[in-house]
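> Supplied in structure tokens, the structure appears directly below.
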Amino acid sequence: MHSYDEPVYLISIVSNMLNIHPQTLRQYERDGLISPSRTEGRMRLYSQRDIDRMKMILRLTRDLGVNIAGIDIILRLKEQMEEMESEIERLKDELRDVNRLGSVPKSKAVVKKSRYDIIIFEDN
């Protein structure tokens, strides 16, 4: 079995799977909506992730009537949300570690002086 990101499908296979013309895949690539991998011979190879992305693009165009510019915005926002979700998970893990250890990570320091709290963070 292939991994989700492994490019293994030729354009003819993907166009048959999605019931679209290969030229549509090429156009979406020119529009920057998809980026299939290339072999040394410059043949396009699509991963399952690429196919799922194409399915979303087709749903947006066919079912919701979204144009290419709208699809581009939606896909960028989706990527930003995924990045933020990853960052939130990383921060939750860090907070869990702090709570479990009962101390501040070595990369951070907290100093109490009179009425003010001074928090110093190291730049990484």
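The values are calculated or read from the model by the stated rules, or taken from the named source; none is laboratory data. Since the model is a prediction, treat every value here as computed from it, not as a measurement. All Cβ positions, even for glycine, are placed from backbone atoms using ideal geometry, and neighbour counts span all protein chains on display.
> With the checklist (1) within 22 Å of the chain's Cα centre (by Cα); (2) buried (at least 16 other Cβ atoms within 10 Å of the Cβ) in hand, flag the one item residue 10 doesn't pass.
Unmet condition: (1).
> Here is a further query. Residue 84 fails exactly one of the following numbered conditions: (1) closer than 18 Å to residue 27 by Cα; (2) surrounded by 10 or more Cβ atoms within 10 Å (Cβ to Cβ). What is the number of that condition?
(1)
> Kindly indicate whether residue 40 is exposed (fewer than 12 other Cβ atoms within 10 Å of the Cβ), modelled with pLDDT under 95 and under 20 Å from the mean Cα position of the chain (by Cα).
Considered against the rule, which asks whether it is exposed (fewer than 12 other Cβ atoms within 10 Å of the Cβ), modelled with pLDDT under 95 and under 20 Å from the mean Cα position of the chain (by Cα), residue 40 comes out as no.
> So which residues in the range 50-91 are among the β-branched types (Val, Ile, Thr) and touching a residue at least 12 places away in the same chain (Cβ under 8 Å)?
Of everything in the range 50-91, those that are among the β-branched types (Val, Ile, Thr) and touching a residue at least 12 places away in the same chain (Cβ under 8 Å) turn out to be 51, 57, 68, 71, 74.
> Across the range 14-25, what is the total count of residues that are without any contact (Cβ under 8 Å) to a residue 12 or more places away in the chain and surrounded by 10 or more Cβ atoms within 10 Å (Cβ to Cβ)?
Looking only at that region, the number is 6.
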